[in-house]
Structure formats: structure tokens, C-alpha cells
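Visitor: Take this structure first; my questions come after.
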Amino acid sequence: MSDASMNTTPSKAKTSLADLSDRTRRRNAAEKRFQAYGIGAIAISLFFLIVLVFSIVRSGLPAFTQTVLDVEFVLTEEQFNDAEKQLFKTKAYSGYFNDALTAQFTEAGVSVPFDAKSIERIAGKVGGTIREFYRENPDQLGQPTSFQLAASSRVDAYINGRFTRDTFTESRFLMAADLDLVDAMKTSGIIKNVFNWNFITGADSGVDNPGGAGIGASVVGSFFMMLVVLFLSLPIGVAASIYLEEFAPKNRFTDLIEVNISNLAAVPSIVFGILGLAVFIQFMHLPQSAPLVGGLVLTLMTLPTIIISTRASLQSVPPSIRDAALGIGASKMQAVFHHVLPLAMPGILTGTIIGLAQALGETAPLLLIGMVGFVARGYPEGFVNGFVEPNSAMPAQIYTWAARADASFYDKAWGGIIILLIFLLTMNIIAIILRRRFERRW
Amino acid sequence: MLDDTNLAETTVANDDIKIAARDVSVYYGDNQAIKGVDVDIADRTVTAFIGPSGCGKSTFLRCFNRMNDTIDICRVTGDIRLDGEDINAKSVDPVQLRAKVGMVFQKPNPFPKSIYDNVAYGPRIHGLAKSKADLDDIVEKSLRRGAIWDEVKDRLHAPGTGLSGGQQQRLCIARAVATEPEVLLMDEPCSALDPIATAQVEELIDELRQTYSVVIVTHSMQQAARVSQKTAFFHLGNLVEFGETTQIFTNPKDKLTESYITGRIG
């Protein structure tokens, strides 16, 4: 349409405000569609989150319970002395235990044949446990004592429904006849599920004893590692970013440093692991498997994240604040520390928590420096020397469990993930509280 | 020309020279923003810098307290003397200079702290107060000088950022005078303010003239005429004309000045 023809058009037809033009309708439709996509995206992610949480909790909960044989037991001093005189002492205690068990069965009105061998298959060598207890607590002799003896992993699996009689394969570890005994024990209330404190506080066990495995030692290991990471990477990272952002001259050299920091953030963590092995352990001869070394390696990994986010938050502080401080005669350092840094603090904390969370979940570098497996010597007394004592970390521990043959360790792995997530949440909550403190309105 | 403003009041009260600038040039990289400017700033006088945008008046103002040092690519040559002392000398610490030469910026920029802390910050870092009572005195005196005491005396511990724009700017002026400077630089202090707040700040500037040497950069010729005794007109980095405000606005010697103040260029 030319200008001339437009001018000759007599007048535009009057339209009502209530009539939507095609263009408006299309625009509104596009907006509606976009909102629908957004809601859809959120719904999908929520769905996956719920599935994830549900499956973690469902698979992980058995790790927090333990199948035990709860047996009320009285041992007189006579019996004790008698047993100590015998050649096979633990066998004598097993005998007392079997007597007590029979008594409890009769009391519950259940009759089922059993022998010492089947008890050993169900609950391990009970005699030893009982002897140990009375030798350490002789004052308990003659008193009724309640023993909670951990059931073997196969019994645990049967009670938790990991296999049924139909899918059961007989072995020397557990026989079909033993299942009758287990069922009888369950109905008479001897076998029950109790909360497994050992899982939260204990250390890892051997491959043949999933019931005794605990994540406590590696929680402590992770905690010490996080302390190392926090107290090294936060000051170093913040100091480096402040220098680069506020003081350093802008030249080729600082540009090069900048590019390298950004690249370091993308380096696979296993590379840092190899580096840690070569430098900290082989060259500097720091102790192997120690949280100190793990922390150092993870610090290297976390630094770029913290530096990048700190620089971003320093940049986002309006320059007018710097001018204001400098304008009334503050030195550059005073301007930065009194005014810029407090305003950048929320951003710095966010970066730090992201870095720490990454470090907390990192497995690969820890495998290389040996922070994995059955290494919790002297636990829990080793706590005081926590930084240099060999230890594991939560993700490495979970990895170890997941790789083990016994299916009961699979539960432990999931349970470990729950503990890891709780640890992470606690860290995040502390960070959020700190952030609220530092946050200032403009 | 500008009959609505009262030019009669704006006579120069003082001839002592506070700042003497000789052959000052400023470069941003290869680009010369100020080209060999000579200016004498008199004590206890308001000197206005006027000129079109980008003429370098703010840049020149920032030479007086070496704020240009904070810009990496910026280079200043020439000689600027405060009471006869070279401010660009190696022995002069810009921090001490800025305590003597205060600055108020275009956009009100109070710290995100309480009103009290905003004003007290300068005295604190310069160690001007011996005690808490001393500091309280300085804060009150400064807020009174900033003509904002009555409005904020009941909420000294409220955040300074919660004030209105005009109040914030007066708070910034109070903050600047709290360190007891000898010269006050103002970079378009009213450009973000409404006419009422502007009038308050202008009145304040006139009072500050009793104690300080004030240099104000402004876009508004009316403002320059209202508050200043001396006016410098800049154009493309050159100082075109410098003289008494009355003379500049009523009888400019330079053609360029005349066209600018009559609104033909700018």
C-alpha cells in the first residue's frame, strides 16, 4: 500500500474494544502456550523429584533397621564359672543360650526343633558374644539380661522380603529348615526389627557382615574434609577474586589467569585426583587416605567455582558504592572490605555452597587417594586425629557398598545416600541462614 | 538573558585561590578528554562548570580529588595545586586528598547502612572522633549542615537507602561534609531530583559556601546562575570561558558561550 492510497482511505472502520483482533488473539494464545510449557516443565521436574525421593527413601529405609534376635537371658555365677572351666567355652555359652531360647519358645507355645548349627546359621556365633558380655560385665551375672543379637544377612533379607521360600536356594549358609525356625521366632516375637543406630554411628564392616556396616566413620571423614575445603577454598578463593577484580592491573597476564580459572572449573574431577596423588601423597608424603589430603584435592576442585561466583558477585555491586567510599577518603581496601564485600557476601556464600556441595558428592578423586573402603582404624577414638587418620568419605563409602556382592549392602548404599542428602541439606540450610543475615536491602 | 534568576545576589565574596589548575589534560587511552585547561577555584565561592554533555566537565572535576585514578585507562597531566601543594605529587596519598576534597555524586549513593553509619563512616576511618559522644556530635552537626537533621533525627538507625531521593542526596552531602573537607565537589547533584528537592539542595549549597569552596558541575544553566559566583564553560574538552557568573550570563565574551547559554548549541 502506498502512502497515497493510505491517505485516500476515507476513515478506519470503528472497532469495539471488546472485539479482539486476530493479532491480539494470536499473541494471547502464544502467551498461554508459553505458560503451559513452563507449567509442564515444572510438573515433569517435580514428578522426577518425587520419584527420586520416593525410591531413595523406599530403598534406603531397610538400612536403618536391623533384624535382631531378642532373647531374655539369665546366667548365674555358677554357670559362668562352670563354662569358664570347660575346654570349649563358647560352646557352653551357646548351650545356655539354646536352653533359654527353648524356654522362650515354650512360653510362646511354639514348638520347633532346632540345634546349635541352625542357630549359628541364623545369628552367627552367639556363644562368643555372650561370653564377651559377661566377662566385661560380671555384675550382670544372675540378673535377667536382654540380648539383641544381630541376625545374619540372609535372615535379614528373608524378613525384609528380599526373597521368599519359592525363590530360596538352599546353601550351607541357610537351609530350608532354618526358615521354619525363623518363622517360629518371628511369630513368638523373638526376631524383630529394631532401629539400627550402628548404621548412623558405626564404621564400615567386612564384606561378609553387612549388618554391622555403618556410615558414621565416613560422615566424620566427609565432615573433616568439608572443614578443610571450607577453610582453605573460601579465604583463598575470595582473596584471589578480590585481588583480580579490584586491585590487579588489567593486562595479558591477568587475562591469561582469568581464562585458566574458567577452564579449571571444567576439568574432570578425576584429574584433580591424579594430581592430588602425585603431589600431596607421592611428592609431599602426606598420609594416604586422610581427610586432609581429600580436603586438599577437593579444595583445588572447588576453588575455580568459588572464584568465578565471587568475581561475579563483586562485579554486580554497583560502582556508585565504591565511588561513595573512595569519595570520602576511604582507601581502596577499606572501600572493598567495608562496603563492596558485605554487599557481595550473599553471592559469595551461594558460590561457596555450590562448590562445597559439589565437593561433598565427589567420589572419583577420593578413589585415587585411597579414601575408600575399610579403613576406619581406631574409630571412634580416631576422632581427635581426624585430619590425618585414614578414613573414608560418604560418596566413596556408598560407591564401595554398591560394588559389593551381598545384596544387603545395596540397602546400605541407599541408606548412605539418605544420610548424604541430610548432610547436604544441613549445609544448605546453614548457608541460607547466613545469607539472610548478610542480605541487605538497597 | 535568564531574567528570572536573581543574578544580583551572586557576587564573588572571596578572591583567595583554593585550587589552581594549570595546563591540565586528561586522556582516556588515546582520546584526549580535557585539553590544557587553566582554572582558579576561589575559596568560599561556588564555581559552576557548565557545558554540553561529553564536554569533559565531570572528568575535570574528578581531577581535583584524583577520582580519575580509579579508572585504569585514564591519565592526567598538568599541574593542580591545592593551597599551593601539588596534588598529583608522588608524596600525596589520594586518600588524604579526598578527606580534604569531598565529593557528592550525580546519583544519590548512600551506603546500605543506617543513616547514622552513613555519616559516621568518614569520621570513623579518619579518626576524627575521640569518643562515641564526639561522633554523635559530628553526625548531628553534619546532618544539620546537610539540612536533613530535622527529617531524620528520630530515625538515625533506619537504613539510609529508605529515604527519598532528595533526602538521600542531602544525606550524601552530610556524609561528605562530615569529614570536614575544605573543598566540596558536586557532580550534577540535582540531576536525579525533583524541583523541590533541587531547591533544597541549592539552598544548602549556598549555605555551604560560608565554609567551603564548592565546585558544582551542572547541566542546568539556571542552576549555575542561581547558585554560583563563578562559572566555567567547557566545550569539547576546552575551557571556552571562565569568569564571574553575572558576566558569563549577561555579557559573554565568547560567541560559543553566548550560543550555548541562549540555547543554540548544546
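Visitor: Which residue out of A:L181, A:L149 is of a type in the set (A, V, I, L, M), assigned by TED's automatic domain parsing to the domain that holds A:A92 and over 36 Å from the mean Cα position of the chain (by Cα)?
Guide: Every option except A:L181 fails the conditions.
Visitor: Considering (1) farther than 17 Å from B:K57 by Cβ; (2) assigned to a loop (DSSP other than H, G, I, E, B); (3) open to solvent by 60 Å² or more (accessible area, probe 1.4 Å), say which one B:G263 fails and leave the rest.
Guide: (3)
Visitor: Considering only helices (runs of 4 or more DSSP H) fully contained in segment B:112-207, which possess at least 2 residues that are of a type in the set (F, W, Y) and modelled with pLDDT of 90 or more?
Guide: B:115-126
Visitor: Checking A:F337 against (1) more than 30 Å from B:S142 (Cβ to Cβ); (2) free of Cβ contacts under 8 Å to residues at least 24 places away in the same chain; (3) not aliphatic (A, V, I, L, M), only one condition comes out false. Which one?
Guide: Answer for A:F337: the failing condition is (1).
Residues checked against (1) over 26 Å from B:I205 (Cβ atoms); (2) open to solvent by less than 10 Å² (accessible area, probe 1.4 Å):
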| position | (1), (2) |
| --- | --- |
| B:N118 | no, yes |
| B:P123 | no, yes |
| B:H126 | no, no |
| B:K132 | yes, no |
| B:V139 | no, yes |
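Visitor: Next up: Within segment B:105-124, can you find the residues that are of a type outside the set (S, T, Y), within 8 Å of chain A (Cβ to nearest Cβ) and within 22 Å of the chain's Cα centre (by Cα)?
Guide: B:F105, B:K107, B:N109, B:P110, B:F111, B:G122
Visitor: Here's another thing I want to ask about it. With A:S320, A:S316 as the choices, which residue is without any contact (Cβ under 8 Å) to a residue 24 or more places away in the chain, of a type in the set (S, T, Y) and under 30 Å from B:P189 (Cβ atoms)?
Guide: A:S320
Visitor: Tell me which residues, restricted to segment A:386-433, are in contact with a helix residue (DSSP H, G or I) (Cβ under 7 Å, 6 or more places away or on another chain), over 19 Å from A:N196 (Cβ atoms), open to solvent by 30 Å² or more (accessible area, probe 1.4 Å) and at pLDDT below 85.
Guide: Matches in segment A:386-433: A:F387, A:V388, A:E389.
Visitor: Within segment B:83-92, identify whether any single residue is closer than 25 Å to B:I138 by Cβ and either within 9 Å of another protein chain (Cβ to nearest Cβ) or part of a strand (DSSP E or B) (or both), and answer yes or no.
Guide: There is no residue in segment B:83-92 that is closer than 25 Å to B:I138 by Cβ and either within 9 Å of another protein chain (Cβ to nearest Cβ) or part of a strand (DSSP E or B) (or both).
Visitor: Okay, moving on. For segment A:319-351, enumerate the residues that are within 14 Å of chain B (Cβ to nearest Cβ) and open to solvent by 40 Å² or more (accessible area, probe 1.4 Å).
Guide: Those that are within 14 Å of chain B (Cβ to nearest Cβ) and open to solvent by 40 Å² or more (accessible area, probe 1.4 Å): A:P319, A:R322, A:K332, A:M333, A:Q334, A:F337, A:H338, A:M345.
Visitor: Here's a follow-up. Between residues in segment A:150-171 that are under 23 Å from A:D70 (Cα atoms) and residues that are open to solvent by less than 70 Å² (accessible area, probe 1.4 Å) and acidic (D, E), which pairs lie under 6 Å by C-beta distance while being six or more apart or on different chains?
Guide: Matching pairs, first to second residue: A:S153/A:D406.
Visitor: Right, next: In segment A:208-223, is there at least one residue being among the aromatic types (F, W, Y) and crowded, with 22+ Cβ neighbours inside 10 Å?
Guide: Taking every residue of segment A:208-223 in turn, none turns out to be among the aromatic types (F, W, Y) and crowded, with 22+ Cβ neighbours inside 10 Å.
Results for (1) surrounded by 18 or more Cβ atoms within 10 Å (Cβ to Cβ); (2) outside any strand (DSSP E or B), shown as yes or no for each residue.
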position	(1), (2)
B:D23	no, no
B:I34	yes, no
B:T47	yes, no
B:S53	no, yes
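The values are calculated or read from the model by the stated rules, or taken from the named source; none is laboratory data. Small disclaimer: the values here were computed from a predicted structure and weren't measured. When we count neighbours, we look across all protein chains shown, and the Cβ atoms used for this are built from the backbone with ideal geometry, even at glycine. SASA here: full protein model, heavy atoms, side chains in, ligands and nucleic acids out. Shrake-Rupley method; radii C 1.70, N 1.55, O 1.52, S 1.80 Å.
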